[in-house]
Each structure stands twice: as structure tokens, then as C-alpha cells.
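**Student:** Dropping the structure in here first, questions after.
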Amino acid sequence: MNVPTLLSLCFLFLLTISSTSHAQLSKDYYKNSCPNVESIVRTAVERKVQLSIATAPGTLRLFFHDCFVRGCDASVMLFSWNSTAEKDNSDDLSLAGDGFDTVIKAKEAVERVPGCRQKVSCADILALAARDVVRLKGGPSYEVELGRRDGRISTKASVRHQLPHPEFRVKKLKSMFASHGLSLTDLVALSGAHTIGFAHCSFIDKRVYSFKSKTRIDPTLNLQYAKELKRQCPENVDPRIVVGMDPSSPQKFDNEYYKNLQQGKGLFTSDQTLFTDKKARVIVNQFASNNTAFQEAFVNAMTKLGRIGVLTGNRGEIRRNCAFVN
Ligand code: HEM
Ligand SMILES: *[C@@H]1O[C@H](CO)[C@@H](O)[C@H](O)[C@H]1NC(C)=O
Ligand SMILES: *[C@@H]1O[C@H](CO)[C@@H](O)[C@H](O)[C@H]1NC(C)=O
């Protein structure tokens, strides 16, 4: 082989490894530095799940919001004295405190183990905790890729246009997910996270009281369900009141979410639109009839979600305290 060919081969090789930013994530990343990290985190998460029903959904959603803004680097957890961090953006204000607390508790447990001190990133702890809460609520268990480092930047402005809103439809959702390398199947599978947790009434009041600015109910909404939502969310209700996201099994991580969509019982437009859209509906029907298919697709999509924009190598840092940069 001549020198130019060799050089271009080297170049191609470098191009390949730099374009796959998750190249350095691995399932046994902490094998030598903190071999018990998985059980330390799991124990802390289990304890926290027992304390509050907001723990599991709050932690899962936190992972999603972290990964979609600046990548999975725990930037969503950073605190700012002048309220200019990611979490101060209005799109993040409804994140449950129990989600943050889960990661903080698990991080404290990791830091208490002398050998593990300042070895494990908050970003990885969040990825592990998200996996653990899904399993604890009856969902699939899976191995988590590790090796993310923590970001040092968190700005309110960076959240702009990065997170989906509950009134979005398939077209918009699809392009937002595609911008992170996630497919329509990934979108449908990850939306299944709405099988657990709660939503504030303010996110649905338009659908039941003033759809398209008229005094009427969203026609894609099951009437019986709409009545139930009106009962749980009276007009001008206390903004702290919440409704279960999955009316049939709000505490269980299962495929009821998809069966609900088939009956017009998707809580948000962004949920119901997955059944209105022809291509997405095929996937919804598959997940509704086959829980194994849903679980496999969810695990696959969570793994892809966990690779978005990760910091590896010597980029970022291992935070001492998840709420503050070192
Ligand atoms: C597809 C677009 C999505 C939209 C428009 C959306 C929107 C929302 C909204 C508005 C809430 C209610 C928050 C509240 O009132 O406190 C919520 C809750 C939730 N979301 Fe999503 N979400 C989407 C996708 C996802 C994904 C991909 C995940 C995770 C993989 C997720 C996990 C959750 C969970 C677990 C809750 C319940 C939170 C709690 O109880 O604290 N969502 N979502
Ligand atoms: C907020 O604080 C950060 C860091 O302390 C600083 O860089 C930034 O300029 C401040 N922003 C405003 C609007 O005061
Ligand atoms: C359910 O989905 C799994 C995984 O995709 C597949 O192997 C299985 O054959 C499906 N079961 C049925 C009854 O279609």
C-alpha cells in the first residue's frame, strides 16, 4: 500500500470514530474504578421509590429532558443562583423535585464508598436510575452503557425549541426526534414512558374546555375520558393539581398506554396523535398487542437516547455534587 492510500485510510478511520460520539461508552466502564456502582445506585433508588410515588416518573422524565438539551451530561441538574440554568426554563419547571433528589441521593451513596469517590458521573447515575425506576415499576430491565462525563454549562436559553410540547403533532415530534437520530419507532416507544406519572391540569385544559379556542372538547378525545378529566381538572383549578397519565394503570410500567390510545384515551395531543397518524398507528397497534415488542423497542430507544451528545474522554468532568460544577 502506498503512503497516500495509507493516509486516507487513517483519515477514514478517524472520521468513523469521531462521528460515533458514543464510541467510548461501555457497559463495564466502572469495572475497575467502582465495581459496585450498579448495586449502590439501585439500593438508593429503591429506597427513594418507596418514599414517593413521584420518584419513578420524575426520574425517567429527568433523563429525557437532560438528553434532549446539550446531550446526556446532567446539565439539567445544575443549580444557578440567578435562575439562568436549564432547569429554570419554563419547559423544565414541571420536572418533579423527586427526580432530582433520586440522583442526588444515589450520588451521595456512591461518594460514601471510598474507592468510588469522584469516579462516577451524575450523567451516568441518572442513566442508571432511569433504568432502575422502569424495572421497579414492572418494566423491562436492561444493561446501561456508561462512561458519560458531566457538563459544565447549563443555560436557560439552550432549552429553547429543544423539548416537545404536549400540543405537538406527529410531524413536529418526528422531526425533533430525528434531529437526535431517533426514529418514528423510537418516538412511539419512548412516548410509552407516559404509562407512569402525572400531569398538571394546565397541560390538558385546552383539550377539554377550549379546543382550538372554541368552547368544545378535542374530537379525538374519548368522551367518557374527557368527562373524567373535567371532573379531575375543574376549570381554573389550583395549578398544583395533577392527573394520572395512564388512566388504567398509572403506577405500572406496561403497554396499557397504547391500548388507551386505541380508545382515544391519550392524555396529550402529542400522545393521541400517535394513533391519528397512519404510520405511527401501525406501531401503536403492535405495542398494544405485544408487550414484549414494546419492551424491546423501549430498551433500544432508551439506549439510543442515552447516547445523545455525550461527553467522553477528557471532556466535561466528574462532578462532586450533581447540582454544582466543581
Ligand atoms: C413525545 C413528546 C413528549 C411530550 C410532548 C411530553 C410532555 C410531557 C408533559 C407536558 C408532561 C407533564 C408534566 C407535568 O405536568 O408535570 C409529561 C410527563 C412525563 N413525561 Fe413526557 N413528554 C414527551 C415524551 C416523553 C419521553 C420521551 C419520556 C421518557 C422517556 C417522557 C416521560 C415522562 C414522564 C415519566 C412523565 C411523568 C412525570 C411525572 O409524573 O413527574 N416523556 N410529559
Ligand atoms: C448568572 O450567573 C452566571 C454564573 O454565576 C453568570 O455567568 C451570568 O452572567 C449571570 N446572568 C445574569 C443574567 O445575571
Ligand atoms: C411479539 O414481539 C416479539 C418481539 O418483537 C416477537 O418475537 C414475537 O413473535 C411477538 N409475538 C407475537 C404473538 O406476535
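The values are calculated or read from the model by the stated rules, or taken from the named source; none is laboratory data. This is a predicted model, so every value here is computed, not measured. So basically every Cβ, Gly included, is an ideal-geometry build from the backbone, and we count neighbours across all protein chains shown. With ligands, DNA and RNA removed, areas are computed over all heavy atoms of the protein, side chains included. Shrake-Rupley method; radii C 1.70, N 1.55, O 1.52, S 1.80 Å.
**Student:** So what is the relative contact order of the range 3-162, in percent, for Cα pairs below 8 Å that sit 6 or more residues apart? Write out the running numbers ahead of the final one.
**Tutor:** On the way: 213 pairs, mean separation 55.2, N = 160.
Relative contact order, the range 3-162: 34 percent.
**Student:** Any idea which of VAL208, PHE177, TYR30 is furthest toward the positive side of the dipole for the chain, if Lys and Arg beta-carbons carry +1 and Asp and Glu beta-carbons -1?
**Tutor:** In the chain, that residue is VAL208.
**Student:** Please return the longest range in the chain lying between exposed loop sites, taking GluC sites (Glu not before Pro), DSSP loop only, at most 11 other beta-carbon atoms within 10 Å, and leaving the sites out. Walk me through the numbers on the way to the answer.
**Tutor:** Details: sites that count: GLU143, GLU235.
No qualifying site falls inside 1-142, the longest such stretch.
**Student:** Please tell me the relative contact order of the range 170-304 in percent, rounded to the nearest whole number, where contacts are Cα pairs under 8 Å and at least six residues apart.
**Tutor:** Values: 176 pairs, mean separation 42.7, N = 135.
It comes to 32 percent, rounded to a whole number.
**Student:** Can you give the extra length, in nm with one decimal, that the chain gains between SER94 and GLN286 once fully stretched, where that is 0.36 nm per residue apart less the Cα-Cα distance? Display every interim value, and only then the final one.
**Tutor:** Working: separation 192, 0.36 × 192 = 69.12 nm, distance 3.11 nm.
Between SER94 and GLN286, full extension yields an extra 66.0 nm.
**Student:** Simple spin-label model, 7 Å along Cα-to-Cβ: ILE153 to ILE53 in nm?
**Tutor:** Label at ILE153, label at ILE53, 4.1 nm between them.
**Student:** Now for a separate question. What percent of all Cα-Cα pairs in the range 170-304 falls in each 5 Å bin, counting up from 0?
**Tutor:** 2, 11, 20, 22, 20, 14, 8, 3, 0
**Student:** Additional query: For THR43 paired with PHE79, estimate the spin-label separation in nm (one decimal), with each label point 7 Å from Cα along the Cα-to-Cβ line.
**Tutor:** 2.6
**Student:** Follow-up question, since we're still on this one. Between HIS165 and GLU296, what length comes free when the chain is fully extended (0.36 nm per residue of separation minus the Cα-Cα distance, one decimal in nm)?
**Tutor:** Values: separation 131, 0.36 × 131 = 47.16 nm, distance 2.58 nm.
Net length gain for the segment: 44.6 nm.
**Student:** So what does LEU51 come to for accessible area, using a 1.4 Å probe and Å² rounded to 10?
**Tutor:** 140
**Student:** Specify the angular offset, from 0 to 90 degrees and rounded to the nearest 10, of the alpha carbon long axis of helix 37-51 from the longest principal axis of the alpha carbons in the chain.
**Tutor:** It is inclined by approximately 20 degrees.
**Student:** Mind checking the per residue accessible area of the chain for me, 1.4 Å probe, whole number of Å²?
**Tutor:** Accessible area per residue: 49 Å².
**Student:** Sticking to Cα atoms, compute the Rg of the range 93-188 to one decimal and its Dmax as the biggest Cα-Cα distance, whole number, in Å.
**Tutor:** 16.2, 49
**Student:** What size of dipole, in debye to the nearest 20, comes out for the range 170-304 about its Cα centre when the only charges are +1 on Lys and Arg C-beta atoms and -1 on Asp and Glu C-beta atoms?
**Tutor:** Working: 19 positive and 12 negative charges, 111 e Å.
Dipole size: approximately 540 debye.
**Student:** To the nearest 20 debye, what is the magnitude of the charge dipole of the range 19-78 about its Cα centre, counting +1 on the Cβ of each Lys and Arg and -1 on the Cβ of each Asp and Glu? Present the calculation step by step, with values, prior to reporting the outcome.
**Tutor:** Numbers: 7 positive and 5 negative charges, 20 e Å.
Value, rounded to 20: 100 debye.
**Student:** In what sequence, largest accessible area first, do ARG281, ARG152 appear using a 1.4 Å probe?
**Tutor:** On the way: ARG281 85, ARG152 135 Å².
Accessible-area ranking of ARG281, ARG152, largest first: ARG152, ARG281.
**Student:** Straight-line reach from LYS156: which lysines have a Cα under 23 Å away, not including same-chain ones fewer than 8 places off?
**Tutor:** Here the lysines satisfying the reach criterion relative to LYS156 are LYS87, LYS172.
**Student:** May I ask which residue of TYR258, PHE275, SER289 lies farthest towards the positive end of the charge dipole of the range 170-304, with charges of +1 (Lys, Arg) and -1 (Asp, Glu) on Cβ and the Cα centre as origin?
**Tutor:** My answer, from the dipole projection, is PHE275.
**Student:** Give the calculated FRET efficiency between THR215 and SER141 to the nearest 0.05, with a Förster radius of 45 Å applied to their Cβ-Cβ distance.
**Tutor:** Details: r = 47 Å, r/R0 = 1.04.
Between THR215 and SER141 the formula returns 0.45.
**Student:** Also: Is it possible to state the helix-based mean residue ellipticity at 222 nm for the chain, with each DSSP H run of 4+ residues giving -39500 (n - 2.57), the sum divided by total residues, to the nearest 500 deg cm²/dmol? What is it? Please list the in-between numbers first.
**Tutor:** On the way: 13 runs with 151 residues, N = 326.
Rounded to the nearest 500, the figure is -14000 deg cm²/dmol.
**Student:** Go ahead and set up a Gaussian network model of the chain, Cα springs under 10 Å, then flag whichever of ASP205, ASP124, ASP246 fluctuates most.
**Tutor:** ASP205
**Student:** Once fully extended, how much extra length lies between GLN251 and LYS31, figured as 0.36 nm per residue of separation less the alpha-carbon to alpha-carbon distance? Display every interim value, and only then the final one.
**Tutor:** Values: separation 220, 0.36 × 220 = 79.20 nm, distance 3.35 nm.
Net length gain for the segment: 75.9 nm.
**Student:** Oh, and also: What size of dipole, in debye to the nearest 20, comes out for the chain about its Cα centre when the only charges are +1 on Lys and Arg C-beta atoms and -1 on Asp and Glu C-beta atoms? Can you show the working numbers first?
**Tutor:** On the way: 45 positive and 32 negative charges, 91 e Å.
The dipole of the chain has a size of about 440 debye.
**Student:** Just need the relative contact order of the chain here, percent rounded to a whole number, with Cα pairs under 8 Å and 6+ apart.
**Tutor:** Working: 524 pairs, mean separation 80.8, N = 326.
Worked out over the chain, it gives 25 percent.
**Student:** Per the Kirkwood formula on distinct C-alpha pairs, the Rh of the chain is how many angstrom?
**Tutor:** The Cα-based Kirkwood calculation yields 20.7 Å.
**Student:** If each Cα of the range 3-162 is one equal point scatterer, what is log10 of I(q)/I(0) from the Debye formula at q = 0.17, 0.21 Å⁻¹?
**Tutor:** -1.00, -1.35
**Student:** In addition: Using a 1.4 Å probe on the protein chains only, how many percent of the accessible area of the chain belongs to carbon and sulfur?
**Tutor:** Numbers: 8700 of 15950 Å².
The nonpolar share, carbon plus sulfur, comes to 55 percent.
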